[in-house]
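The values are calculated or read from the model by the stated rules, or taken from the named source; none is laboratory data. Being a predicted model, the structure only gives us computed values, none of them experimental. Glycine also receives a Cβ, built like all others from the backbone with ideal geometry; neighbour counts cover every protein chain displayed. Just so you know, the surface numbers come from the protein's heavy atoms only, side chains and all, with ligands and any DNA or RNA stripped out. Shrake-Rupley method; radii C 1.70, N 1.55, O 1.52, S 1.80 Å.
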Amino acid sequence: MLCHFACLSLRSFLSFISIRLLPVMTSTTPTLRPYQKEAVTRVISHFRHSDDPAVVVLPTGSGKSLVIADLARRAKGRVLVLAHVRELVEQNHAKYEAYGVKADIYSAGLNARQSERQVVFASVQSVVKALPRFTTGEFTLLVIDECHRVPLPDERARTLPNAEGGVRRARKDGMYAEVINALRQANPRLKVLGLTATPYRLGQGFLYHRHYHGRVCGAEGCFFRQCVFEQPLRLMVRQGYLSPPVRVDAAVEGYDFSRLVPSAQGDYTEKALQGIVDHHRATPEIISEVVARAQGRQGVMIFAATIPHAEEIMALLPEGEAALVTGKTPLRERTDIIERFKQKSLRYLVNVAVLTTGFDAPHVDMIAILRPTASIGLYQQIVGRGLRLAPDKEDCVILDYAGNPWDLYAPEVGEAKPAPDTEPVQVICPQCEFANIFWGRRDGEFVIEHFGRRCQGWCEDDSGEGHQCTFRFRFKSCPQCGEENDIAARQCHACQARLIDPDDQLKAALKLRDALVLRVSGMQLEATVNGKGLPRLRVTYHDEDGATLSEWFALETSAQRHVFQEVFLSRHMAAPGIPWSPASLDEVLADQHRLRAPDFVIGRKVGRHWQIREKLFDYALQGGRYRRAASAQ
């Protein structure tokens, strides 16, 4: 038994790097584009040296199916290719067989349950119900299309066995974790590759730990360890591999979704959306403009907010030229509608929360967005429906009537946008000089604020061992050993000591008679003089109820400026890590927009005066439960 396992492990290790004899190429055999060839090469190189799960990022319409097909035909061992919708299973299978080789399909939605051939294309829903057929240890490569659906670390915990020996499936995505775990138990050296156009989850960040460009993106516990290849959308458009998206400013009033607050899942609820779009006076004018701009266009996709909203839209479109697809549309009807749209028998295809993945209609050259999304990934998927190349297609017009703030070409940040007026900004690490991309604000070309916490740079020593850069832009120090920790940490990563909870600090101060706690609503800086007539900087913190606490600083000597830098600037900088060493009071006052106020200030009475003892920053990020000042929300 031990000998068999050893042979299996060796075979698993060698299977992916071995290139089997490939079929003879013909004139109809697919030809890979240069970036697709590079993606294949990088994947093979990665798996020759590592078993770590990897990701390839390719924009919608860039031909992920061909990359999957080429990798599958090169692998010597058995290959399982998973997708979450039958359309993707069918597309990927067709691209593979275009190479002149045969593969099986295992998908209830396609009425096919064959799994004997070397390569199997399957739906995750079908495989999870028949795991014994796939856990013989023969599969050496698992490919997951649209891998952003693979659960992140906190979600995977929900798919672990329960006390009764069953498996808790909190969501469909948990099926991926179940399949991965089962195949890995059968073959510990299983290679897992994910492909996606949007490698992040709304409000949760990147789905891989680090990028091959030397950037740490996701959490240490990410299942996918590395992005081994990425092709930028802008480059795809510039090289002529995708149709250019042309965003057109609407000539009519759109919807105002600005007051909507995302749900706990990160996007907007149907009830909240319907409350805004229900018989909205703007809808007829919007559809009138869509119809006018659609003249001369081949195919128009309209993304509605809710089903009632979509039905209202349908009533305003030209009769006989439009159809509606929702999650409730029967399968046969949905297939018929999509086929008619692809054949251009229909000009308009209205949909609600579907057709954002696994839908391939290259002739689409106009997208009308009548729904908001808090997810840049979903926005990219929506726009991506119109970026494929097609005959007589020059571009794709994008009409956004929902005020979505996303820039298709903006660098990926991965975290949720902290405020509507923030944008991706570049911040150089003062320790390793890596160019980080964080959400932030600019004053012209100058970064005056950013929300980065730790440098994303990946550093390697002389032996080739790597680690994330240790520099932290925002941190809290351990009271025991002085080590810098993430601002949301509860335990010191160096000495394991419990870190101070900001709520505990506030509770303790509120119990004291000689303590004053300010819920800071404003911070005022002004030049003044002390009792001896010497210039001083006075910083005053204001509470909502009118109470104040102040502190003073001198900047006359280098020693005084050093104290000011260490005691005040280091914590108040809105863009930490960006050098700023003001040499005078005037310089501080002129650039005070570069400073941020604390959320709370704790003062203690000493004699007849109050002294500031503690200032609490980034309170919400630390999970604080007390209300902050209204101006700080």
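General remarks:
- In the list (1) 94.4; (2) 35.7; (3) 31.2, the label attached to mean projected area of the Cα convex hull in nm² as derived from the coordinates here is (2).
- Taking all protein chains together and rolling a 1.4 Å probe, residue 373 ends up with roughly 10 Å² accessible.
- Probing with 1.4 Å while keeping every protein chain in the model, the per residue accessible area of the chain equals 47 Å².
- Portion, in percent, of the accessible area of the chain that falls on carbon or sulfur, probe 1.4 Å: 50
- Taking all Cα pairs closer than 8 Å and separated by 6 or more residues, the relative contact order of segment 423-469 comes to 28 percent.
- Rounded to the nearest 20 debye, dipole of the chain from Cβ charges on Lys, Arg, Asp, Glu: 1740
- Rounded to 10°, Cα long-axis angle of helix 2-15 versus longest principal axis of the chain: 90
- Positive end of the dipole of the chain (Cβ unit charges, origin at the Cα centre): among 459, 110, 582, the Cα lying farthest that way belongs to 110.
- Helix 34-49 axis, angle to the chain major axis (alpha carbon atoms, nearest 10°): 80
- Cα-based shape type of segment 238-400, given that a ≥ b ≥ c are square roots of the gyration tensor eigenvalues and the cut on a/c is 1.5: rounded
- Vicinal HN-Hα couplings computed from phi for segment 606-617 (Karplus, 6.51 cos²θ - 1.76 cosθ + 1.60; Hz; Gly/Pro x): 10, x, 9, 10, 9, 10, 6, 9, 8, 10, 9, 10
- Other-chain or far-sequence residues with amide H under 5 Å of residue 457's (modelled H): 216, 469
- Pairs exceeding 27 Å between alpha-carbon atoms, taken from 129/417; 37/191; 64/342: 129/417.
- A cut-off of 5 Å between modelled amide H atoms, ignoring neighbours fewer than 5 places along the same chain, links residue 230 with 57.
- In terms of its C-alpha gyration tensor, segment 423-469 comes out prolate, because a/c is 1.5 or above and the ratio a/b outweighs b/c.
- Selection from 404, 422, 390, by position along the positive dipole direction of segment 366-424 (Cβ): 390
- Calculated [θ] (222 nm, deg cm²/dmol) that DSSP helices of n ≥ 4 give over the chain, each run adding -39,500 (n - 2.57): -7000 deg cm²/dmol
- Amide N of segment 430-472 lying under 19 Å from the label point, which is placed 7 angstrom from the Cα of residue 591 along Cα→Cβ: 430-431, 440-452
- Residue 396 long-range amide H proximity, modeled H, under 5 Å: 246
- Segment residue 431-residue 390, length gained on full extension (0.36 nm per residue, minus Cα span): 9.9 nm
- Among the trypsin sites (Lys or Arg not before Pro) in segment 244-310, those located in a DSSP loop and surrounded by at most 14 other Cβ atoms within 10 Å of their own Cβ are 259, 281.
- Contact order relative to length of segment 468-619, as percent, for alpha carbon pairs under 8 angstrom and 6 or more apart: 19
- Here the Karplus relation 6.51 cos²θ - 1.76 cosθ + 1.60, evaluated at θ = phi - 60°, turns the backbone of segment 453-458 into coupling constants of 10, 9, 4, 8, x, 10 Hz, with x for every Gly and Pro.
- The chain, relative contact order [Cα under 8 Å, separation at least 6], %: 10
- In summary, the lysines within cross-link reach of residue 605, defined as a Cα separation below 20 angstrom excluding same-chain residues under 8 places away, comprise 507, 511, 615.
- For the chain, share of DSSP beta bridges that run antiparallel, in % to the nearest 5: 50
- Filtered GluC sites (Glu not before Pro), segment 551-609: DSSP coil and at most 15 other beta carbons within 10 Å: 556
- Spin-label pair residue 136/residue 625, simplified geometry with 7 Å Cα→Cβ offset, distance in nm: 5.6
- Shape call, segment 502-622: gyration tensor on alpha carbons, a/c limit 1.5: oblate
- Residue 558 accessible area, 1.4 Å probe, all protein chains in place, Å² to nearest 10: 90
- Solvent exposure of residue 471, expressed as accessible area, is near 50 Å², computed with a probe of 1.4 Å over the protein chains only.
- Sequentially through segment 580-592, phi angles give Karplus couplings (6.51, -1.76, 1.60; θ = phi - 60°) of 7, 10, x, 9, 8, 4, 4, 5, 5, 5, 5, 10, 5 Hz, Gly and Pro residues having no value and appearing as x.
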